[in-house]
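The values are calculated or read from the model by the stated rules, or taken from the named source; none is laboratory data. No experiment lies behind these values; they were computed from the predicted model shown. Heads up, the Cβs are rebuilt from the backbone with ideal geometry, glycines too, and the neighbour counts pull from every protein chain shown.
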Amino acid sequence: MARIWHNARPRKIAALIWLTLNKGLPVGTWLQTMGLQSTYKGCDQGLPESAQHCLLDCPPAQNAWNAFRSTWEVWEAPNRISITWPFILLGEAVFEEEDDPPDLQRYHTGGFTYKQQPLDIFRSFFLYYLWSERCRKHFDGQYSLKRVLLQSWEATTEVGMATWKAIRSSRQDRSQDKQLDIERAFRAEWVHGHIFGEGEAAISLHLLPPLYFLNFSND
C-alpha cells in the first residue's frame, strides 16, 4: 500500500492506481460485471476493454508508452526496461543483461527516497493523463498523446517545486547537517536529472519540457 499512497504522489493518482489494482476502474469489463454495456471503441482489435488492454496493450496505449520510453534520457533511467503491467502501475520492471538472468536484474523507481523519484512521479502522471485521454476519446472523440506528455511534464515539475519549497521552509526544524543532506539528495535527482536548473541562490524550474515533447507528432 505504501508503494501507492506515498506522500510524493497526489491522491488522485494514487486512487487511479488503487482502483486499477483492485479491478474497480470503470472500463468495459467492469461495466459488464455491473450489468451495463460498454460502447467504448478504443481500438479496432475487437477485444474486451480490460484495464490492462486499455492502458497498456491496445495500439493507442502502446504508442503512448513508446513515447514515454523516449523520455528516459531526461530521467537518466536504464534504457532496457520492458514496459510491463507492473511497471506502469508500480514502477517495477525487469531488464535483461547479457550475462545475468532477467529475474536478478530488478529496477525500482519506488518513490520511497529521492532515488529516481522524478521518473516515478512522471510515470504516475503519465498513467493518469493517459486514462484521461481515454475518457476524452470516449465522450467527445478527441485524443492527444502530445497533451499526455505535456500535462505529465508540467505536473511532475510542480511536484518537484513543491517538494523543494517544503524542504526549504522546514529547515529550521532540523540540524544544518541534516538539511544539507536532504538538499543534496534532492539535487542529485532533480537538478542532475535535467528537471531543474540551479541559479545563484536557489533551485529554479525549467519551464519548458524537452523539445521533442513540443514537436511530438501525435495522435
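Return only the number of the condition from (1) in a helix (DSSP H, G or I); (2) more than 22 Å from L90 (Cα to Cα); (3) of a type in the set (F, W, Y) that Y143 does not satisfy.
Result: Y143 fails condition (1) only.
Listed here are the residues, each with its yes/no results for (1) assigned to a helix (DSSP H, G or I); (2) touching a residue at least 40 places away in the same chain (Cβ under 8 Å); (3) under 17 Å from the mean Cα position of the chain (by Cα); (4) over 18 Å from S124 (Cβ atoms).
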| position | (1), (2), (3), (4) |
| --- | --- |
| P26 | no, no, no, yes |
| Q32 | yes, no, no, yes |
| G46 | no, no, no, yes |
| N66 | yes, no, yes, yes |
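Residues checked against (1) closer than 21 Å to I88 by Cα; (2) part of a helix (DSSP H, G or I); (3) at pLDDT below 60:
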| position | (1), (2), (3) |
| --- | --- |
| G111 | yes, no, yes |
| P118 | yes, yes, no |
| I121 | yes, yes, no |
| F125 | yes, yes, no |
| E133 | yes, yes, no |
| E200 | no, no, yes |
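Yes or no: I83 touching a Lys or Arg at 6+ places or on another chain (Cβ under 9 Å), at pLDDT 70 or above and of a type in the set (V, I, T)?
Details: touching a Lys or Arg at 6+ places or on another chain (Cβ under 9 Å): yes; at pLDDT 70 or above: yes; of a type in the set (V, I, T): yes.
Considered against the rule, which asks whether it is touching a Lys or Arg at 6+ places or on another chain (Cβ under 9 Å), at pLDDT 70 or above and of a type in the set (V, I, T), I83 comes out as yes.
From E189, E158, which residue is farther than 21 Å from P59 by Cβ, crowded, with 16+ Cβ neighbours inside 10 Å and among the acidic types (D, E)? Before you say what the answer is, go through the steps one by one.
On the way: E158 fails: crowded, with 16+ Cβ neighbours inside 10 Å.
Among E189, E158, only E189 is farther than 21 Å from P59 by Cβ, crowded, with 16+ Cβ neighbours inside 10 Å and among the acidic types (D, E).
For region 123-155, which positions are among the basic types (K, R), surrounded by 16 or more Cβ atoms within 10 Å (Cβ to Cβ) and farther than 15 Å from C54 by Cα? Walk me through how you get there before you give the answer.
Keep residues of region 123-155 that are among the basic types (K, R), which gives 123, 134, 136-137, 146-147.
Applying the additional criterion that residues be surrounded by 16 or more Cβ atoms within 10 Å (Cβ to Cβ) yields 123, 134, 137, 147.
Selection gives R123, R147.
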